[in-house]
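Undergrad: One structure follows; several queries about it will come next.
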Amino acid sequence: MDSNPMVFELNDVWVPTVYLVWNYPMMLPLLFTNQLVISKLFNGADLMVPGILKFEINQETKMSSTSFDRDAIVGICVIGSMHPVVIGKALLSSDELLSVNQGKAVLNLHFVGDSLWSVGDKSDPPTSTPAVLESKEDESNLSLDMSEVKITEESPLSPTVNAEEMEKYFDYAFLSSLHVSITDKMLPLSASALYSGHMVLFKPSDIVLDIRKTSFKKLSKFMKNMEKKGIIQTKERSGELFIVTINRKHPLYEAFSAPKKPKPSTTAKEQKKSEPNSVMTVNQLFKLPHNGPLLKFVVESKINHEEYWTSDQVNLMLLSYFKSQALIHLERPRLIKIDALLCDCILTKSEYQTVDFLERDVIQKRFLSKMVPYHQLTLPNGESIIKKGALVPIEISVKRKIGNKWVSIIKNLEQFEIDAYKIADILKIKCAGSTTVSERVDTKLKTLQVTVQGSKVKEICQVLETFGIPKLTLNGKVQLQSNLFVQTIG
């Protein structure tokens, strides 16, 4: 127990890890869900209201002891176990959960398999006897309707899989991917992309493909074993292993009976249709200053200092002023006569005696340069945030470490309300490599950066897209030209 992390701090709140809660399972309110939902949570997803099957039952009183407010720390268990495998923050109170049937219920903070769990001894949850309802009176004391939930000892956390069985699952997923979803045109393909984008689609629904539970321990060793068998050829680039060719005439490949290509669930399709605005948008805004050369213009035009303006609105405001003061050139409407007020606002001292007219676009550009810049970020959930200054894009850099080792570093995630720890856990699974979150040393601001093992720009961009960052990849290639949201360095 001493070697395992017991708590971690999040926004000045101490949150227990699964290791601590396994020793004291009644210290948190518990919510129960099924294994399918748990597998989603293990990929970093938040718990939705429809995924909650029931509240926790006190083992001694057989009554519901679950009553919690918003922001309470809660544990999430699979039906049949009293030991949480996910720790989260409640987004709804227990009373509110009774009156809603959709939306997010719990924010995923920590789960079995994430980077924090990996710091400990990587043990599985203890086995426990599940709570069993003994009477209708007991059932009436539950916080949620239990009429459709039957709890028995036949609901384990997950099937017990030994190394030999796990390797069979890996072999099946690997060969299925080569047959069904990987074409020669997609090569070279990184080993991590093959695993996270293809192999995981060909596993049983109740199994988590875990390379650590095989004799190989690392994905690269598994791929090298397949190369030794002659099924593929690999090559290492920038510290990352790539599959470069597939031997489709290999006896193992030809003898394999390939499954049908997995189809996305109807629920996923419906959810995609119901969320048309699932990407972030940004608008550049401006405010008029309380001092400086524009102050006189603000006072005489009776403009509200606190209003936000887009560049188009500033253009219309200036056009209205030009018309009201008859400043538009009669023969060349793009030229604007510079009156005393505009002279004070936008001309330099050397231009006072020499410039009588300027083009409208030049006036607008100079006017905007003297305003205070802001930006409005609209998140996928519709929430709008206005911050001072121009939008600082997410920065992705690839750096070489000692020898032939490379790392990818992500900065400025806070600008987009993206949780660094959550994206680190997702990238750890997608890239099948280690990730770390640390405080930045290149800025005085207390912001975080995420470091991913290997050159993973494409994988990072694909994950950022799931957080609502507009399209960064096209046909499997990274497209970042003139992108407001993400830039690469190095």
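The values are calculated or read from the model by the stated rules, or taken from the named source; none is laboratory data. Keep in mind that this is a model prediction, so the values were computed, not measured. Glycine also receives a Cβ, built like all others from the backbone with ideal geometry; neighbour counts cover every protein chain displayed. Protein only, heavy atoms only, side chains kept; ligands, DNA and RNA dropped before computing areas. Shrake-Rupley method; radii C 1.70, N 1.55, O 1.52, S 1.80 Å.
Undergrad: Restricting attention to the stretch 428-450, which residues are over 19 Å from PHE8 (Cβ atoms) and not in a loop (DSSP other than H, G, I, E, B)?
TA: ILE429, LYS430
Results for (1) over 21 Å from the mean Cα position of the chain (by Cα); (2) surrounded by 18 or more Cβ atoms within 10 Å (Cβ to Cβ), shown as yes or no for each residue.
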| residue | (1), (2) |
| --- | --- |
| VAL18 | yes, yes |
| MET27 | yes, no |
| LEU30 | yes, yes |
| ASN34 | yes, no |
| PHE42 | no, yes |
| LEU47 | no, yes |
| GLY51 | no, yes |
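Undergrad: Which pairs have Cβ atoms under 9 Å, sit 6 or more apart or on different chains, and link a residue in the stretch 73-87 that is modelled with pLDDT under 90 to one that is open to solvent by less than 10 Å² (accessible area, probe 1.4 Å) and of a type in the set (Lys, Arg)?
TA: Cβ pairs passing all conditions: ILE79/LYS54.
Undergrad: Right, another one. Does any residue in the stretch 97-110 that is farther than 28 Å from ASP425 by Cα and of a type in the set (Val, Ile, Thr) come within less than 7 Å, Cβ to Cβ, of a residue that is modelled with pLDDT under 90 and open to solvent by less than 30 Å² (accessible area, probe 1.4 Å) six or more places away or on a different chain, and which pairs are these?
TA: VAL100/VAL49; VAL100/LEU92
Undergrad: Among the listed residues ASP425, ASP419, identify the single one that is free of Cβ contacts under 8 Å to residues at least 40 places away in the same chain and surrounded by 15 or more Cβ atoms within 10 Å (Cβ to Cβ).
TA: Going through ASP425, ASP419 in turn, just one is free of Cβ contacts under 8 Å to residues at least 40 places away in the same chain and surrounded by 15 or more Cβ atoms within 10 Å (Cβ to Cβ): ASP419.
Undergrad: Out of the stretch 83-115, which residues are assigned to a loop (DSSP other than H, G, I, E, B) and either open to solvent by less than 10 Å² (accessible area, probe 1.4 Å) or not hydrophobic (A, V, I, L, M, F, W, C) (or both)?
TA: Within the stretch 83-115, HIS83, PRO84, VAL85, SER93, SER99, ASN101, GLN102, GLY103, GLY113, ASP114 meet the criteria.
Undergrad: Would you please name the residue that is modelled with the highest pLDDT, looking only at residues in the stretch 433-448 that are open to solvent by 30 Å² or more (accessible area, probe 1.4 Å) and within 13 Å of SER408 (Cβ to Cβ)?
TA: My answer is THR436.
Undergrad: Anything in the stretch 337-359 that is open to solvent by 40 Å² or more (accessible area, probe 1.4 Å), touching a helix residue (DSSP H, G or I) at 6+ places or on another chain (Cβ under 9 Å) and modelled with pLDDT under 90? List them, or say none.
TA: In the first step, residues of the stretch 337-359 are kept if they are open to solvent by 40 Å² or more (accessible area, probe 1.4 Å); the result is 337, 340, 344, 348-350, 352-354, 356-357, 359.
Now restrict to residues that are touching a helix residue (DSSP H, G or I) at 6+ places or on another chain (Cβ under 9 Å): 337, 344, 352.
Within the stretch 337-359, ASP344, TYR352 qualify.
Undergrad: Let me ask you something else. Could you tell me how many of the residues in the stretch 172-197 are at pLDDT below 85 and within 16 Å of LYS430 (Cα to Cα)?
TA: Number satisfying all stated conditions: 9.
Undergrad: Moving on to the next point. Just a yes or no: is a residue in the stretch 303-317 surrounded by 13 or more Cβ atoms within 10 Å (Cβ to Cβ), over 23 Å from LYS388 (Cβ atoms) and modelled with pLDDT under 85?
TA: No, the stretch 303-317 contains no residue that is surrounded by 13 or more Cβ atoms within 10 Å (Cβ to Cβ), over 23 Å from LYS388 (Cβ atoms) and modelled with pLDDT under 85.
Undergrad: Would you check which residues across the stretch 70-82 are surrounded by 20 or more Cβ atoms within 10 Å (Cβ to Cβ), under 26 Å from the mean Cα position of the chain (by Cα) and not hydrophobic (A, V, I, L, M, F, W, C) and list them?
TA: GLY75
Undergrad: Continuing with the same structure: Hey, among the residues in the stretch 198-226 that are assigned to a helix (DSSP H, G or I) and free of Cβ contacts under 8 Å to residues at least 24 places away in the same chain, which one's least open to solvent (accessible area, probe 1.4 Å)?
TA: ASN225
Undergrad: With respect to LYS229, is the statement that it is surrounded by fewer than 18 Cβ atoms within 10 Å (Cβ to Cβ) and either at pLDDT below 85 or farther than 19 Å from SER176 by Cβ (or both) true?
TA: No: the conditions fail for LYS229.
Undergrad: Just one of (1) closer than 19 Å to GLN35 by Cα; (2) surrounded by fewer than 20 Cβ atoms within 10 Å (Cβ to Cβ) trips up SER118, so point out which.
TA: Only one criterion in (1) closer than 19 Å to GLN35 by Cα; (2) surrounded by fewer than 20 Cβ atoms within 10 Å (Cβ to Cβ) is unmet by SER118, namely (1).
Undergrad: So, in the stretch 224-256, how many residues would count as being under 31 Å from the mean Cα position of the chain (by Cα) and on the phi > 0 side of the Ramachandran plot?
TA: 2
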